[in-house]
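Derivation of every value follows stated rules applied to the coordinates shown; laboratory data play no part. Given the structure is predicted, the values throughout are model-derived calculations rather than measurements. Glycine also receives a Cβ, built like all others from the backbone with ideal geometry; neighbour counts cover every protein chain displayed.
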């Protein structure tokens with residue numbers, strides 16, 4: 001029986017790059033997104049063409065009812081889960097000075113990036129423990145896609161940075177909680193990655209790369225993140241639970 005992965009925000013951008021690599025490595029997939037399934041059909045069909053069974057679980061992880069629906073659909077369709085990839089997230093609706101952030105914009109971002117991820121993971125983790133109890137050979141993984149913004153401060157994206165820093169601590173606490181049960185937790189921090197999320201600042205990022213912000217002279221691609229996820233779930237990083245993996249072309253290396 002194939003292993004099953006749930007990828008939130010998996011129908012586009014970094015999430016799709018992750019889903020693609022998991023499909024190439026023999027995983028069946030549950031893809032979560034907020035778009036109508038018809039809008040995601042082309043990408044879902046690409047994943048199916050790689051030989052995976054793919055289901056689409058529409059829902060906003062910020063909403064309790066949607067989280068319950070996602071978990072219910074996963075249980076009904078697959079009856080198991082081996083890998084959870086928490087990728088869903090949003091950029092600030094308005095890039096503005098930290099002193100000008102509105103409560104509404106703050107809540108919108110935190111409810112998706114932090115709260116939604118926390119409570120979805122809580123439910124999936126409890127289910128993983130039940131599955132592990134009935135199948136001790138199961139090797140589960142929880143992978144949180146955060147950002148270099150968990151470490152690098154940006155005063156025009158304060159809430160976004162805070163949400164990623166919060167998820168970084170969440171990764172650590174989940175690693176401590178799940179390790180006795182053989183379920184590993186990792187945090188991946190992408191740097192500049194070419195997706196629609198950076199559309200408004202793509203030119204800025206490309207200029208930063210051009211002037212040496214990254215050690216590798218290119219912007220990242222979604223499949224770069226996907227390859228790291230695939231490496232983790234193959235078990236090629238043993239004895240490493242709780243670790244942070246920067247996939248940023250060397251952006252965060254301190255230099256003189």
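For segment 121-256, report the convex hull volume of the alpha-carbon atoms normalised per residue, in Å³, without decimals.
That works out to 128 Å³ per residue.
Please report the antiparallel percentage of DSSP beta bridges with both residues in the chain, rounded to the nearest 5.
Working: 0 of 27 bridges.
Antiparallel bridges make up about 0 percent of those DSSP assigns within the chain.
Relative contact order of segment 128-169, please, whole-number percent, based on alpha carbon pairs below 8 angstrom and at least 6 residues apart. List each step's numbers first, then the result.
Working: 26 pairs, mean separation 13.6, N = 42.
Once normalised by length, the contact order is 32 percent.
With a point put 7 Å past each Cα toward its Cβ, work out how far residue 111 is from residue 98 in nm, to one decimal.
2.5
Choose one answer from 22, 57, 109: the residue with the largest mean-square fluctuation in a GNM of the chain with alpha-carbon springs under 10 Å.
109
Taking the Cβ-Cβ separation of residue 181 and residue 202 as r and a Förster radius of 41 Å, what is the calculated FRET efficiency to the nearest 0.05? Walk me through the numbers on the way to the answer.
Values: r = 42 Å, r/R0 = 1.02.
So, using R0 = 41 Å, E works out to roughly 0.45.
Could you sort 215-224, 247-256, 27-36, 83-92 so that the peptide with the highest average Cβ count within 10 Å comes first and the rest follow in order?
Numbers: 215-224: 16.4, 247-256: 13.2, 27-36: 21.7, 83-92: 23.7.
Ranking, from highest mean packing down: 83-92, 27-36, 215-224, 247-256.
Between residue 37 and residue 122, what FRET efficiency comes out of the Förster formula 1/(1 + (r/R0)^6) with R0 = 25 Å and r the beta carbon distance, rounded to 0.05? Please report the intermediate quantities before stating the final value.
Working: r = 26 Å, r/R0 = 1.04.
Efficiency at R0 = 25 Å is approximately 0.45.
So what is the relative contact order for the chain, in percent, with contacts set as C-alpha pairs under 8 Å and at least six apart?
Reported relative contact order: 21 percent.
Students often get this wrong: which residues of segment 65-88 have the backbone nitrogen under 20 Å from the point 7 angstrom along Cα-to-C-beta of residue 139?
80-86
Nearest 500 deg cm²/dmol is fine: what mean residue ellipticity at 222 nm does the chain get from its DSSP H runs of n ≥ 4 alone, each adding -39,500 (n - 2.57), divided by its residue count?
Numbers: 8 runs with 107 residues, N = 256.
Dividing the helical sum by the residues of the chain leaves -13500 deg cm²/dmol.
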